[in-house]
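Notes to accompany the following structure.
Just so you know, all these numbers are worked out from the coordinates, no wet-lab data involved. Note that this is a predicted model, so its numbers are computed, not measured. Positions of Cβ are backbone-derived with ideal geometry, glycine not excepted, and every protein chain shown enters the neighbour counts.
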Amino acid sequence: MRKPLIVANWKMHNTASEASSFVEELLGKIGEISSVEVAIAPPFTALESVSKILSKTDLVLAAQNMYWEPEGAFTGEISPVMLRELDCRFVILGHSERRQYFGDGDGEVALKVGAALTEGLMPILCVGETLGEREQGKTFEIVERQVRSALDGGMPDSGGGLVIAYEPVWAIGTGKTATPEAAQEVHGFIRGLLENLLGEGLGDEVRILYGGSVKPDSVDSLMAMQDIDGALVGGASLDAESFARIIHFK
Ligand code: 13P
């Protein structure tokens with residue numbers, strides 16, 4: 001059984017103090033959450049303050065990125081070891097904004113996935129096609145290349161040790177959610193690919209999240225799909241009421 005996973009990707013929003021007040025507000029709204037795993041990915045500067053609050057709850061911490069070396073002369077970078085010390089369980093890797101603005105290509109993503117697995121962090125590997133690629137009928141080709149190349153960096157010991165997030169680039173921050181059927185088509189394809197690459201048992205255990213304008217009014221129908229095991233939520237995770245509703249999808 002794959003336990004649903006809902007992840008808040010705050011991107012570059014919330015200072016450390018704003019993050020703490022937000023999480024306190026959120027905790028007041030969500031109540032019992034035993035049937036779903038919830039992770040918060042604040043900016044690096046808020047990891048420590050959020051970590052302290054989450055340590056007393058069932059929610060877990062995620063980072064939005066990292067470098068692949070454990071330490072060294074890499075000005076401005078953050079290592080997996082540093083994230084582990086703050087009790088991060090997950091790290092988002094290969095997000096399309098990293099690929100688009102910061103030069104993270106398939107090679108860098110593979111190195112990061114390998115380093116995360118080695119250091120005991122669970123990668124949330126983001127994949128997805130642009131609008132142009134979709135219109136050219138290249139969705140499966142792009143997604144397959146991104147998944148295969150990322151796993152060249154390392155394979156998880158268990159299916160539960162890896163999370164994939166399918167985030168069609170055209171759906172991110174645009175208000176255009178993929179229809180549940182269109183998302184399921186890609187998720188089913190990714191499932192088949194994972195079963196091929198990791199073996200059927202492991203491939204079936206990997207959680208595949210959907211991301212791209214997930215809102216309270218779209219989450220229920222997405223989560224009803226067979227291979228949609230959770231959501232990676234941007235904008236709607238910055239509003240406590242909306243994010244609490246998403247966590248309690250029906
Ligand atoms: P939005 O939910 O704002 O579209 O962002 C999705 C995303 O990029 C999550 O990683």
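Structure notes:
- In order along the range 200-206, the phi-based Karplus estimate (6.51 cos²θ - 1.76 cosθ + 1.60, θ = phi - 60°) of 3J(HN,Hα) comes to 4, x, 5, x, 6, 8, 5 Hz; Gly and Pro are listed as x.
- With bins 10 Å wide beginning at 0, the percent of Cα pairs of the range 61-100 falling in each bin runs 30, 52, 18.
- Spread over its residues, the convex hull of the C-alpha atoms of the range 188-246 is 81 Å³ per residue.
- Stretchable slack from Asp204 to Phe44, in nm (0.36 nm times residue separation minus alpha-carbon distance): 54.4 nm
- Charge tally for Arg2 (other residues, Cβ to Cβ under 15 Å; Lys, Arg +1; Asp, Glu -1): -4.
- The amide H of Val91, built 1.01 Å from its N in the peptide plane, has Ala63, Met122, Ile124 as neighbours under 5 Å, considering only residues 5 or more places off or on other chains.
- Percent of alpha-carbon pairs separated by more than 20 Å within the range 3-92: 33 percent
- In sequence order, calculated HN-Hα J values of the range 149-165 (Karplus, 6.51, -1.76, 1.60; Hz; x Gly/Pro): 5, 4, 7, 4, x, x, 10, x, 6, 9, x, x, x, 9, 10, 10, 10
- Note: the range 141-250, Cα convex hull, 104 Å³ per residue.
- Kirkwood hydrodynamic radius of the chain, from the reciprocal of the average inverse Cα-Cα distance over all distinct pairs: 17.9 Å.
- Farthest toward positive dipole pole in the range 26-130 [+1 Lys/Arg, -1 Asp/Glu at C-beta], among Phe102, Ala115, Leu59: Leu59
- Estimated translational D of the range 31-70 in µm²/s (Stokes, Kirkwood radius over Cα pairs; 10 °C; 1.306 mPa s): 140 µm²/s
- Nonlocal amide H pairs with Arg207, under 5 Å, H built at 1.01 Å: Leu162, Ile164
- Karplus (6.51, -1.76, 1.60) ³J(HN,Hα), θ = phi - 60°, over the range 233-238, in Hz, Gly and Pro reported as x: 10, x, x, 6, 7, 8
- Share antiparallel - DSSP beta bridges, the chain, percent rounded to 5: 0 percent
- Taking amide H positions as modeled 1.01 Å from N, with prolines and chain starts lacking one, the residues under 5 Å from Trp10 and 5 or more places away or on another chain are Ala41.
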